[in-house]
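The values are calculated or read from the model by the stated rules, or taken from the named source; none is laboratory data. It should be emphasised that the depicted structure is a prediction, and the values quoted were computed from it without experimental measurement. Don't worry about glycine lacking a Cβ; one is built from the backbone with ideal geometry, like all the others, and counts go over all protein chains shown. Ligands, DNA and RNA are stripped out before the accessible areas are found, and what is left, the full protein with its side chains, is counted by its heavy atoms. Shrake-Rupley method; radii C 1.70, N 1.55, O 1.52, S 1.80 Å.
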Amino acid sequence: MSPFDLSGKTAIVTGAARGLGQGIAIALAEAGADVVAVSFSSSEDTVQAVRSLGRQATEIQVDLSDHSKLQATFDESLALTGQVDILVNNAGIIRRAPAKDHSTKDWFDVINLNLNSVYLLSQIAGRHMIDRGSGKIINICSMLSYQGGINVPGYTASKHGVAGLTKALANEWAASGVQVNGIAPGYIETDNTAPIRQDPERTKSITDRIPAGRWGTPKDIGGPAIFLASSASDYVNGHVLCVDGGWMGR
């Protein structure tokens with residue numbers, strides 16, 4: 001059996017309706033995993049794509065920023081599948097405004113979903129995984145887990161926090177057979193980056209700085225997600241894997 005084979009595993013993927021979450025959910029299914037697609041909007045397209053690969057898929061439509069719903073969301077996933085082997089914390093939002101004009105509401109909305117919900121859902125899943133003696137948690141970080149960015153102070157703070165949380169949970173849970181790691185995507189063609197891509201001058205300046213010479217796609221994140229979800233990464237703990245076309249190495 002390949003160490004990358006996820007047959008018999010079940011993954012919860014948040015923010016699975018489109019973009020990175022959809023790409024990750026499909027990749028995990030291609031490797032053999034069944035998927036629970038959790039998102040604020042309908043994940044029907046993702047569910048159908050997973051089922052077309054011969055894997056089981058269900059969707060849960062929920063607002064993850066409402067922390068009172070997190071335990072019920074996990075419990076429903078567990079009831080639907082019988083087990084949860086993998087959690088991918090991908091759901092997030094971004095609000096763009098210069099720091100001097102960044103509203104308090106935007107700040108707290110971003111921190112609440114991007115960081116607080118990631119911690120709380122990881123805690124819930126972590127208890128289950130620790131009791132079982134195995135599990136994989138993958139947190140979607142960002143280049144802005146390392147850099148400051150422009151006009152996104154809340155997003156940057158949240159993604160720095162997620163990178164730190166990844167290491168903290170890994171330190172505590174590795175001995176229990178639970179690996180917690182992160183993926184830091186570079187510039188990827190998603191809804192979040194659409195405002196940037198609408199500016200030809202800025203798009204060119206970014207592309208020129210990427211050694212690979214192109215922006216990434218959600219499919220580019222799929223392979224790293226399979227690795228971190230599989231037994232191939234059983235001795236990888238607290239690592240944030242940059243998938244950025246070489247951006248951070250330049």
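Odds and ends about this structure:
- Look at (1) more than 29 Å from F108 (Cα to Cα); (2) buried (at least 16 other Cβ atoms within 10 Å of the Cβ); (3) at pLDDT 95 or above; (4) over 18 Å from the mean Cα position of the chain (by Cα) and you find that T81 fails only one, number (3).
- In region 190-212, of all residues being outside any helix (DSSP H, G or I) and surrounded by 10 or more Cβ atoms within 10 Å (Cβ to Cβ), the one that is nearest to the chain's Cα centre (by Cα) corresponds to T190.
Conditions tested, residue by residue: (1) part of a loop (DSSP other than H, G, I, E, B); (2) touching a Lys or Arg at 6+ places or on another chain (Cβ under 9 Å); (3) charged (D, E, K, R); (4) over 30 Å from A174 (Cα atoms).
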residue: D45; (1), (2), (3), (4): no, yes, yes, yes
residue: A97; (1), (2), (3), (4): yes, no, no, yes
residue: K100; (1), (2), (3), (4): yes, no, yes, yes
residue: L113; (1), (2), (3), (4): no, no, no, no
residue: Q123; (1), (2), (3), (4): no, no, no, no
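- Positions within region 141-166 being hydrophobic (A, V, I, L, M, F, W, C), within 19 Å of G21 (Cβ to Cβ) and open to solvent by 20 Å² or more (accessible area, probe 1.4 Å), in sequence order: L144, L165
- Residue count for region 133-167 satisfying the condition of being out of contact with any Leu (no Cβ under 6 Å at 6 or more places or on another chain) and without any contact (Cβ under 8 Å) to a residue 40 or more places away in the chain: 7.
- Only residues that are open to solvent by 40 Å² or more (accessible area, probe 1.4 Å) and under 15 Å from I137 (Cβ atoms) were counted across region 218-230, and they come to 1.
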